[in-house]
1. Please say if region B:3-90 is rounded, prolate or oblate, where rounded means a/c under 1.5 for a ≥ b ≥ c the square roots of the C-alpha gyration tensor eigenvalues, and otherwise the choice is prolate for a/b larger than b/c and oblate otherwise?
2. Using the per-residue mean of other Cβ atoms lying within 10 Å as a proxy for protection, in what order, highest first, do the peptides A:565-572, A:306-313 fall?
3. Report, please, the projected area of the protein assembly as shown averaged over directions, based on the convex hull of its C-alpha atoms, in nm².
4. Mind checking the mean number of beta-carbon atoms from other chains within 10 Å of the Cβ atoms in A:184-196?
5. Which length gain, in nm to one decimal place, applies between A:ALA193 and A:LYS157 when the Cα-Cα distance is subtracted from 0.36 nm times their residue separation?
6. Tell me whether region A:6-207 comes out rounded, prolate or oblate; compute the Cα gyration tensor, take square roots of the eigenvalues as a ≥ b ≥ c, and use a/c under 1.5 as the rounded threshold.
7. Strictly over 24 Å apart at the Cα level, which of A:LYS143/A:LYS173; A:LYS256/A:LYS458; A:LYS267/A:LYS503 would you flag in this model?
8. For the protein assembly as shown, with only Lys/Arg (+1) and Asp/Glu (-1) charged at the beta-carbon, what is the dipole magnitude about the Cα centre, in debye rounded to 20?
Amino acid sequence: MEAPLLHLALVGTPNSGKTSLFNALTGSRQKVANYPGVTVERKEGFFVTPLGRQVSVVDLPGTYSLRGRSPDEEITRDFVLGKASGEIVPDLVLCVADSTNLRLTIRLLLELKRTGRPMILVLNMFDIASRRGITVDVERLVKELGVPVVTSIAVRKGGTADLLALTDEISAKLAAEPQENSWRALSVSELRATQREADRIIADCVSLPARPDTWTARIDAVVLHPVGGLIVLALILFVMFQAVFAWAQPAMDLLKSGFDALGELVKATLPDGLLQSFLQDGVISGVGSVIVFLPQIILIFLFILLLEDFGYMARAAFLMDRIMGGAGLHGRAFIPLLSSFACAIPGIMATRVIDNKRDRLTTILIAPLMTCSARIPVYTLIISAFIPAKDVWGFINLQGLVMFGLYVTGIVSALAVSFVIKFFMIRDYAPAPFMLELPDYKLPRLKSIAIGIYTRAKMFLQRAGTTIFSMMVLIWFLASFPQPPAGSTEPAIDFSLAAIIGKALEPLLAPVGFNWQIAVALIPGMAAREVAVAALGTVYSIEGGKEAAEQIGQVLATKWSLATALSMLAWYIFAPQCASTLAVIRRETGSWGWMAVTFTYMLVLAYAASLVTYNVAVALGAG
Amino acid sequence: MTDHDEKRPHMPLGLALRGYTGVIQHLSTKDTGSALSDIELESRLIELGFVEGARVEVLHEGLVGRDPIAVRVDSITIAVRRREAMAIIVA
Ligand SMILES: Nc1nc2c(ncn2[C@@H]2O[C@H](COP(=O)(O)OP(=O)(O)OP(=O)(O)O)[C@@H](O)[C@H]2O)c(=O)[nH]1
Ligand SMILES: [Mg+2]
């Protein structure tokens, strides 16, 4: 008879390498990074042990105790205790420790023992511990703790061989009768006693050379310097946004000319008609105009992944703590907000590490104001069309500077909104504590960066192939039908459904300087921000007829006034143009109400910002 | 504990300046003004390794009001605000 599926759970303090271990065991590609609180969800994976036992392993958010202080820690607690309804209790708990820092994990392990679950202590990151000259008397540790102990190097090939062997050995003799669960939340004095006990065991079994990581100390001397640190942070962000603009250009030009050639080919080989128009206007001018931005998206992710893997995120949170606190934000809000530069969805999920409900809600509400990567195509398109590509002060690209300005505006508005929330809604506000482990720096791992970029690029292209493509088909259809009556002299598109819809909306948007083409682009832009670029591409391409082989950017430069362009930029800083973000807000807050609040406040801000921008620009003669 | 420690005055870690090194004497979470309840604050501090006898060193401080501080507690570095660090009595 085949042995039943063995259920493992990965439990441990934050940043101890649980997800790395999970990936090593199951071959998955879950997100790994060097700061506490990366994993905020439960993830299950499967593998087969060397002896052929089928295993299910669950990766869990890191936690310092089973008390469950924040939503992510509750997930871990509920899974370990089998509280989640209909949940199977894990057969074996792998307690994962960072070997360079055993105090907190050993205390957690002593607490975990009370649950009566069979356990293995995994001394992970053993490579770093050995390098620092830390030695562990494993036999003695086994005796003291009463649980099997194994060393592991989750990020090295074969680094989990011992763990696999031990799992086989233990699972063969797992008691059928589950042991008594005597766990309950520890009182303060029990906690203290447990930590004392843990410290005693460590003193007996582990020899620590008094040699903290000197590299970390040296880097922190600069990076955490009260003034120097803030300058470094500002520089990093500045270089990041400049780079997105300047460095991606060659690759983007290449993609652009590729799509141009493709368009020419279609025009040359296919007969005039609907099929040619569909391929050229819908697919190439539409979807193609979004794919062109892939290099920029990759660059921004590269920067964020490098910062995350290096261990900088927790430092940035440290530097920004008081500044964010002034705006009423929790210190732990910084990392979710910085992740939102990539995409607001993981950013909103990451707020689960915030224990205080109201602080978490505030962070969720403002996360969509951070400039996510989906805004990049819109910003870039308009900036390249309207802002001259000259250098200021000799070395700063003006277009890059405007881009930087848009990012800064997003950040400042987010802080302002948070301030307003704090001021009007939360009268009895007491600043929540900020307590965060600052992990030692680690050299970014090429493999995990590559995997991170690959997953993101794949997601972007998949979206281009699905959401954006289907929206484009819709737009192309709306802009092509009904066809004009024979013999009409006006442009064909004027007879289309798109024009009818756009013109119906135009009066509403005329005060902010938007024409009917923009109105049409904004509606599918609700599905995803980039769609607006594709929609404009298609609409103007159809409108321009066969001769419009020009780039969408050049078309805009002739069709829009500068005031309209600036108004559009202002709109995109604020507008809630992303259905998936709204859906995640609903899920994470558990309420349609907060989703509606987010949608409304962002829409109101967008309209107001565009209105002001447009009118000021017109008054200054840019109309 | 050495004689050296006995002689040093007890003070809250929340008042220590950069470069300060000492040993935790006890936790006193009353009247720190933290948003957390006394028990919750004490639990959290212990969970991060702030227990009697642990060596601490103030490694870094922030710009605004020298807050927060980065504290080395035995083998790890923890960032805390001074307000919460007032509960940690060191010498
Ligand atoms: N050198 C070395 N680095 C490791 C090892 N295991 C993990 N890391 C690194 O440690 C960091 C944290 O790893 P994660 O797997 O994200 O840790 P986690 O426990 O899942 O963290 P949370 O999800 O935040 O609780 C990453 O930078 C990893 O690359 C190891 O065995 N050796
Ligand atoms: Mg993880």
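1. Numbers: a/c = 1.42, a/b = 1.11, b/c = 1.29.
Since a/c stays below 1.5, the shape of region B:3-90 is classed as rounded.
2. On the way: A:565-572: 25.5, A:306-313: 21.0.
Averaged packing, sorted descending, gives the order A:565-572, A:306-313.
3. Values: hull surface 144.4 nm².
Mean projected area for the protein assembly as shown: 36.1 nm², to one decimal.
4. Numbers: counts 0, 1, 3, 2, 10, 2, 1, 7, 6, 2, 3, 8, 4.
Neighbouring Cβ atoms belonging to other protein chains average 4 per residue here.
5. On the way: separation 36, 0.36 × 36 = 12.96 nm, distance 3.87 nm.
Gain on stretching A:ALA193 to A:LYS157: 9.1 nm.
6. Details: a/c = 1.23, a/b = 1.03, b/c = 1.19.
Since a/c stays below 1.5, the shape of region A:6-207 is classed as rounded.
7. Details: A:LYS143/A:LYS173 19 Å; A:LYS256/A:LYS458 19 Å; A:LYS267/A:LYS503 30 Å.
Beyond 24 Å: A:LYS267/A:LYS503.
8. Values: 64 positive and 63 negative charges, 119 e Å.
It comes to approximately 560 debye.
Every number here is computed from the coordinates shown, using simple stated rules; none is lab data. Because the structure is predicted, anything quoted here is derived from the model rather than measured. Neighbour counts run over all protein chains shown; Cβ positions are idealised from the backbone, glycine included.
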